Amino acid sequence: MTVPPLQNELLTELSRRRFFDRMTDGLCGVALSSLLGEQTFGAETHRAQNLPENLQPRRPHFTPRATSVIHLCMQGGPSQVDLFDPKPALKKYHGQTAPRELTGNAVFETDRTGKLMQSPFEFKRHGKSGAWVSNALPHIAQEVDEMTIVRSMYNVHPNHEPAIYKMQSGQTFPGHPVLGSWVTYGLGNENQNLPAYVVLADPTNRLPVNNVDNWMSGYLSPLYQGTRMKSTGSPLLNLAPDYAHAEQVSRNKQQLLKQLDRMHQKQRPGQQELEARIQNYEMAANMQLEATETLDLAQETQETLAMYGIDQQETESFGRRCLLARRLVEKGVRFVQLYTRTQLWDNHSKIANSLQSACGQTDLPVAGLLKDLRQRGLLDSTLVLWGGEFGRLPTAQITNNAQMKLAGRDHGPYGFSAWMAGGGVKRGLVYGSTDEVGYASVENRVSIQDWHATILHLLGMDHERLVYQRNGLGERLTHQFETNVVHDIIA
């Protein structure tokens, strides 16, 4: 059999220059263009190479326990030993240097030699589960039978910014997609008239630490980043037109703009930012009616408003956002994040007062959210997450001349508490533990990547299969860290 000229030439005289000269031909060219396309545009392993015209819902890897998430971001570091993790040893050794046998887990000598400080709050058992909760959270304490309280969380950095990046994206530096973006990337959008990922930050425009990086999509398409909505006034800037058109005129105008956008986009294939911008404009048109209606609390009863504390000045702001979160998931929004005002939980001084203030603003609204979801049959399909980027140290943070009663606590990433409710987690469970003084997690330790993988699992996604190909690496929310789904907390 005679070898064709081209094949013979490639086999016998394949120089570097001839390789690039002839590789554009035939099947070789097709293969090369495919490889270059993956490297240039970031081919997506999980979904189709070409982005859809809108974020249609996608089937998960397996049957999900939850279909939506409400993430209550308690930035600043809620103190585990003052809320969910009582430590009798702190009372016994109050004002003393911790005995060395109780501080074997201490990373820094200053952590070991600081004066231990007992909690200014009283702990009691609550519910059928008998979970311990302090009197700083009297309303959440009534809901412990709905929760899995994880006492053995830990982070890898003691400073807010890196720890928050880790909690949001799995890495301690910016540039990676956050949890909400990965969920949206994996599952798409149920309601085409609302964003799949909504952020309800402080309405006074006081952004949380790390600002908009908390809800950015990183190297994923901008389609998957969070959309910030306001809890008062117009939910989005420029949502409503400056003046009204006749309905048919508005419809024709939108159709013309859509056709012009698609003509422009067709001439510029592969530009994800352009595709995302077009889709955002089209969604904005659809949102003019549905977003305004969804965020209108006038449709709620006075009883419901009171359940969230919207009738009280202290709880009105966070309570309003908790109620909006319920209304959004009710409408099919996939992922909703709520933020307190800046860092309410960063209690470096006067913890008896500052922690009480943070609890006072959020306790009733969060309990109201759980009650409302349960009453409406939404809790089983909605995963509620509560926690900060780390906890606090069991020692007092004071100056030389300060009195113990004026002390606060410094950052404690080595062991802290967070909880989940609904969405397939076990009810009335306390999981894991810290050491005798609450410094570090010691039993059933749960890392941030374990926490992420468990959330994805509850949503029907395998963290190892939810992948985005970038620069030859299969990027994941859990990255390349050792990761375990915490099956013990799943019902």
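The values are calculated or read from the model by the stated rules, or taken from the named source; none is laboratory data. Small disclaimer: the values here were computed from a predicted structure and weren't measured. Reconstructed Cβ throughout: ideal geometry from the backbone, glycine too, with neighbour counts over all protein chains shown. The area values use the complete protein model at the heavy-atom level, side chains included, leaving out ligands, DNA and RNA. Shrake-Rupley method; radii C 1.70, N 1.55, O 1.52, S 1.80 Å.
What the table shows:
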| item | result |
| --- | --- |
| Selection status of His463, in a loop (DSSP other than H, G, I, E, B) and more than 30 Å from Gln118 (Cβ to Cβ) | yes |
| Gln469 in a loop (DSSP other than H, G, I, E, B) and of a type in the set (S, T, N, Q) | no |
| Filtered residues of region 299-308 (kept if over 16 Å from Leu200 (Cβ atoms), touching a residue at least 24 places away in the same chain (Cβ under 8 Å) and among the hydroxyl-bearing types (Ser, Thr, Tyr)) | Thr304 |
| Extreme residue, farthest from Leu406 (Cα to Cα), among residues of region 343-385 that are of a type in the set (Ser, Thr, Tyr) and open to solvent by less than 30 Å² (accessible area, probe 1.4 Å) | Thr382 |
| Residues of region 182-208 satisfying the condition of being open to solvent by 30 Å² or more (accessible area, probe 1.4 Å) and hydrophobic (A, V, I, L, M, F, W, C) | Leu207 |
| Region 171-195: number of residues that are at pLDDT 95 or above and assigned to a loop (DSSP other than H, G, I, E, B) | 8 |
| Region 196-209, residues that are closer than 27 Å to His457 by Cα and either in a loop (DSSP other than H, G, I, E, B) or more than 16 Å from the chain's Cα centre (by Cα) (or both) | Ala196, Ala201 |
| Pair list, Cβ under 9 Å, 6 or more apart: region 200-216 residue closer than 19 Å to Cys322 by Cβ, other residue of a type in the set (D, E, K, R) and open to solvent by less than 30 Å² (accessible area, probe 1.4 Å) | Leu200/Arg321; Ala201/Arg321; Asp202/Arg321; Pro203/Arg321; Pro208/Asp202 |
| Candidate set from region 164-173 (those that are surrounded by fewer than 24 Cβ atoms within 10 Å (Cβ to Cβ) and touching a residue at least 40 places away in the same chain (Cβ under 8 Å)); member that is farthest from Phe481 (Cα to Cα) | Tyr165 |
| Asp296 being free of Cβ contacts under 8 Å to residues at least 12 places away in the same chain and over 17 Å from Val198 (Cβ atoms) | no |
| Any chance Ser433 is open to solvent by less than 10 Å² (accessible area, probe 1.4 Å), at pLDDT 95 or above and not β-branched (Val, Ile, Thr) | no |
| Subset of region 217-268 [touching a Lys or Arg at 6+ places or on another chain (Cβ under 8 Å) and either over 21 Å from Thr292 (Cα atoms) or at pLDDT 70 or above (or both)] | Tyr219, Pro222, Ser231, Thr232 |
| Residue ID - farthest from Tyr308 (Cα to Cα), chosen from residues in region 346-359 that are among the polar types (S, T, N, Q), in contact (Cβ under 8 Å) with a residue 40 or more places away in the chain and in a helix (DSSP H, G or I) | Ser354 |
| Breaking point among (1) more than 25 Å from Thr148 (Cα to Cα); (2) modelled with pLDDT of 95 or more, for Gln403 | (2) |
| Criterion (polar (S, T, N, Q), in contact with a helix residue (DSSP H, G or I) (Cβ under 8 Å, 6 or more places away or on another chain) and part of a loop (DSSP other than H, G, I, E, B)) met by exactly one of Gln343, Gln337 | Gln343 |
| Residues of region 394-417 satisfying the condition of being closer than 16 Å to Met153 by Cα and open to solvent by less than 10 Å² (accessible area, probe 1.4 Å) | Pro394, Gly412, Pro413, Gly415, Phe416, Ser417 |
| Only one of Ile149, Ile164, Ile140 that is part of a strand (DSSP E or B), at pLDDT 95 or above and of a type in the set (A, V, I, L, M) | Ile149 |
| Criterion: open to solvent by 10 Å² or more (accessible area, probe 1.4 Å), at pLDDT 95 or above and farther than 30 Å from Gly76 by Cα - qualifying residue of Glu282, Glu300, Glu314, Glu293 | Glu300 |
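Here is a yes/no grid of residues against (1) closer than 22 Å to Thr184 by Cβ; (2) surrounded by 20 or more Cβ atoms within 10 Å (Cβ to Cβ); (3) not charged (D, E, K, R):
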residue	(1), (2), (3)
Ser447	no, yes, yes
Arg465	yes, no, no
Arg470	yes, no, no
Arg476	yes, yes, no
